[in-house]
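Taking it in order: structure first as structure tokens, then the write-up.
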């Protein structure tokens, strides 16, 4: 049976209501064999569409993958994009900002990684981390957070107006599934805000993904602009409030 993807889509201006979505929903598939059959059919279609995109060179596609650790972002990239022409596809994983990136606005490196016409670009995690992670860590206040969300919406509208189709996918898994994956993920599932703060200090940030540069310089914690940031543990804002 064909999967009805409409049930996975979130209309513009509406909330995804993740709490009401069952992460274990198989979408009518009876098992892995049925899922592989559907995947193979979709991969054949995807390969054809990617070839047309490359040949026309009139528009581009940006696939944004977001999800907690162990949600399967890397697996989606390996399984869904393995048969595509590598000349027309690029995957970007945003790490700790470089000195050059820190000297510019937080969306500069994101725009630089967007696909050219005729190409498919994939973001492994996304520019939304520059808003959510910074808010959870207390680096930006509510007003600044709202401004950044406005920046992101306007940025995506500009990409759309200029011929880029933006497809945003959130890989939804339960906390129980995340806890059972790895010890590191288990800790993150118990206290995601604390895990972000601790892991972001290191050079190989995994939970904060380096989208917000939190460096310990002489005891100071600084944001992407190098300004001193103070986290009030008693009033740390919650994601989604």
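Read-outs throughout are calculated quantities, based only on the coordinates presented, and are distinct from any laboratory measurement. For clarity, every value in this text was computed on a predicted model and none was experimentally measured. Cβ atoms come from the backbone with ideal geometry, glycine included; neighbour counts cover every protein chain shown.
A few comments on the model shown:
- Per residue, the Cα convex hull of region 6-74 amounts to 147 Å³.
- Extension gain from residue 179 to residue 160, taking 0.36 nm per residue of separation minus the Cα-Cα distance: 3.1 nm
- Förster-model FRET efficiency, 30 Å R0, residue 112 and residue 43, C-beta, rounded to 0.05: 0.55
- Ordering of 68-75, 3-10 by burial proxy (mean other Cβ atoms within 10 Å per residue, highest first): 68-75, 3-10
- Sequence ranges 157-169, 91-103, ranked by mean other-Cβ count within 10 angstrom, highest first: 91-103, 157-169
- Residue 142-residue 6 FRET efficiency (beta carbon distance; Förster radius 30 Å; 0.05 resolution): 0.30
- Expressed as a fraction of 2.2 N^0.38 Å, the value expected for a compact globular protein of N residues, the C-alpha radius of gyration of region 51-193 is 1.14.
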